[in-house]
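Data block below; observations after.
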Amino acid sequence: MRGEHPVGLGTNEEVLSHLAAIVAGSSDAILSMALDGTVQTWNAAAEELFGYSANEIVGSSIRLLVPPNREAEADEFLAKLSRGESITNFATMRLRKGGQPVPLVVTISPIRDSARRVVGASKIARNLSETQRAEDRLRESEERLSTLADNISQLAWMAEPDGHIFWYNRRWYEYTGTSLEDVEGWGWRAVHHPDHVDRVVERIQRSWDTGEPWEDTFPLRGRDGSFRWFLSRALPIRDDSGTIVRWFGTNTDVTEDRRQQEQIQLLMHETNHRAKNTLGLVQAIARQTANSQAERAFVERFSDRLIALAANQDVLVKAGWQGGDAQTLIRAQLAHFGDLFDSRILLDGPTLRLTTSAVQVFGMALHELATNAGKYGALSVDTGQIHISWMHDPSAGKFRIEWTETGGPEVRPPESTGFGSILLGRMARLSLNADISLDFAPTGLSWKLECPQQKAILPAETSS
C-alpha cells in the first residue's frame, strides 16, 4: 500500500539508498526534471547515452537534447506531464553532446509530492541505434530480395509446406493479370490450360506429399488470353532439422525454345526426307546399271544396306541428332521381323541413349547380323531364337552389346571375308575403340562388342 516500505527494507534512508542503487546500475538512461524542463538527476547510463556528465547537464534545460525540429514535441510532453499524463514507449530522436542524433524510445512519468501535486517528471530512455540499424539492414535486405525477385525473367512464387501458395513476384502478376486474391492457395489452377491442369495438379501434389523436387512443362494463360509454355520447377526449403518450411518455385517461358526446336525438327525431317530420296535415286541408278545376275545380287545387298542406313538416320532424327535409344534402334533395324519380338527375338537391357557414332555402328552391324540370321541362321528356320543384350558397367567404364543365336542350322564359318564381316569387325573396332568377338560356333553365331562407355553412351546416361 501507498506509504509502506518495500518488503525486506527498513527505514526511508534504506529505501532511498536501494532505489538509488537501482537507478545508478540501470543500463537505461534515467533522469528526472522539473516541470520547466530543468534536469535534476542524471544516471551513468544517461552520461553514456548522451555524452554529458551529470555535472555538465544537471541544472540545464532538457531542451539541450532536443533537435530543432522536435521542439513542438517537447512542448507537448511537458504539457502532458503538467496534467499528470504519462508518455509510454514513444520512439523519438534526441541529440548527443556534439550534435549527433540518436534514436530513442522513452517513457516519461509525472513525479508527485505528498499532496499528489505534479512537481516534476522521471524519464527513462533506451538507445535504439542498434535496433534501428538491425531493422535498417533487414529492410534493405528485404528490399534487395524483393527487387531481385520482381525483376528476374521468371515468374516466381512461394508456398507453405502443404502447397498453399502465399506469395508471387511481380512478373507473375504482370504476365497473368491476376491479383493475390485471385491465385492465393490453389487459385493458380485458373490460369492453367484445361487440357493440362489435371496432370499438373497430380504431379505437383505428389511433390507436396513426398517432399521431392518438382519439374513440369505446361502452358499458362496470359492477361491477353493467349497461352505460352513454361518450364516450371519447385524446391523444398528445409530448416536445420530437415523439416520443410516452405517451397520456392519458378516458371520459365520456353515458348520460343519450343518453337525453335519444332522448326529444327521439321528441317531435320525435311533433310532426312531429301536424303532418302537421294538414296532411292542411287538405288534406282544402280538397278538400271546392273546387267548380270552377279551385279543384280550386289545391287540388292547394296540397297538393303542403304535402307539400314536410312533406318539409323530415322532414329537419330527422332532424337534431334542427340544420339538414340538402344531398344528403339534394335527394333528399327529388325523391323521386318517385328512379329518375332518377345517370342523368338529376345531383348534384354536397360534404357540407354547411345551416342550418334554408336547408333551408326550398331545399326549397320545389327542389319548385317539380322540379314545373315534370316538367310542362313536362327531366323531361317522356325525353331531358332536370337538373344540381344546390352549393358554398361560404370565402375569399369565399359559398355557391352551381345548378339547370340540358338536353335538354327549348324553354323559354318564363311570361306571369305565380305563387307558384312568388315562392318562387324574392323569398322566397329576403329569407330568405337572396341574389342570385337565374332564366333561361328556350330550351335549358333555370336557377336560381342565391348568399348569404353563414353564412346557408346551419352554422358547423361553414364551417371545412372
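The values are calculated or read from the model by the stated rules, or taken from the named source; none is laboratory data. Since the structure is predicted, the reported quantities are computational estimates derived from the model, not experimental observations. Ideal geometry is used to build each Cβ from the backbone, glycine not excepted, and the neighbour counts take in all protein chains shown.
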Practice item. Can you tell me which residue within the stretch 21-52, out of those that are assigned to a loop (DSSP other than H, G, I, E, B) and under 59 Å from the mean Cα position of the chain (by Cα), is surrounded by the fewest Cβ atoms within 10 Å (Cβ to Cβ)? Key: Ser27
**Study point:** Those residues of the stretch 338-372 which are acidic (Asp, Glu) and free of Cβ contacts under 8 Å to residues at least 24 places away in the same chain, in sequence order
**Key:** Asp339, Asp342
Point to revise | Filter result for Glu405 (among the acidic types (Asp, Glu), over 15 Å from Gly324 (Cα atoms) and touching a Gly at 6+ places or on another chain (Cβ under 6 Å)) | key: yes
Practice item. Please enumerate the residues belonging to the stretch 396-442 that are of a type in the set (Asp, Glu) and at pLDDT below 80. Key: Glu415
Review point. Does Leu445 satisfy the criteria of being surrounded by 15 or more Cβ atoms within 10 Å (Cβ to Cβ), modelled with pLDDT of 90 or more and either part of a strand (DSSP E or B) or touching a Leu at 6+ places or on another chain (Cβ under 8 Å) (or both)?
Key: yes
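Considering each residue of the stretch 178-216, count those that are of a type in the set (S, T, N, Q), exposed (fewer than 15 other Cβ atoms within 10 Å of the Cβ) and more than 14 Å from Tyr168 (Cβ to Cβ), and give that number.
Selection size over the stretch 178-216: 2.
Looking at Gly84, Gly98, which one is small (Gly, Ala, Ser), under 19 Å from Ala44 (Cα atoms) and in a loop (DSSP other than H, G, I, E, B)?
So the residue among Gly84, Gly98 that is small (Gly, Ala, Ser), under 19 Å from Ala44 (Cα atoms) and in a loop (DSSP other than H, G, I, E, B) is Gly98.
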Check your understanding: Which residue pairs have Cβ atoms closer than 6 Å, lie 6 or more positions apart in sequence or on different chains, and pair a first residue in the stretch 72-84 that is over 19 Å from Arg94 (Cα atoms) and touching a residue at least 24 places away in the same chain (Cβ under 8 Å) with a second residue that is assigned to a helix (DSSP H, G or I) and among the aliphatic types (A, V, I, L, M)?
Key -> none
**Study point:** Selection from the stretch 435-462 of residues that are free of Cβ contacts under 8 Å to residues at least 24 places away in the same chain and out of contact with any Gly (no Cβ under 9 Å at 6 or more places or on another chain)
**Key:** Asp435, Ser437, Asp439, Pro459
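Taking the options Thr107, Thr92, name whichever one is in contact with an Asp or Glu (Cβ under 8 Å, 6 or more places away or on another chain), assigned to a strand (DSSP E or B) and surrounded by 13 or more Cβ atoms within 10 Å (Cβ to Cβ).
Selected residue: Thr92, the only one of Thr107, Thr92 that is in contact with an Asp or Glu (Cβ under 8 Å, 6 or more places away or on another chain), assigned to a strand (DSSP E or B) and surrounded by 13 or more Cβ atoms within 10 Å (Cβ to Cβ).
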Revision key, fill the gap. Restricting the stretch 186-219 to residues that are touching a residue at least 12 places away in the same chain (Cβ under 8 Å) and polar (S, T, N, Q), the one farthest from Phe166 (Cα to Cα) turns out to be Thr217
Check your understanding: Looking at the stretch 154-168, which of its residues are touching a Lys or Arg at 6+ places or on another chain (Cβ under 7 Å) and surrounded by fewer than 16 Cβ atoms within 10 Å (Cβ to Cβ)?
Key -> Glu160, Pro161
Check your understanding: Name the residues in the stretch 220-241 that are in a loop (DSSP other than H, G, I, E, B), in contact (Cβ under 8 Å) with a residue 40 or more places away in the chain and small (Gly, Ala, Ser), would you?
Key -> Gly222
**Study point:** Count - residues of the stretch 360-417 that are among the small types (Gly, Ala, Ser), under 46 Å from the mean Cα position of the chain (by Cα) and surrounded by fewer than 20 Cβ atoms within 10 Å (Cβ to Cβ)
**Key:** 4
Review point. Which condition does Gly349 not pass, out of (1) of a type outside the set (S, T, N, Q); (2) at pLDDT 90 or above; (3) under 12 Å from Thr404 (Cα atoms); (4) within 45 Å of the chain's Cα centre (by Cα), if it passes all the others?
Key: (3)
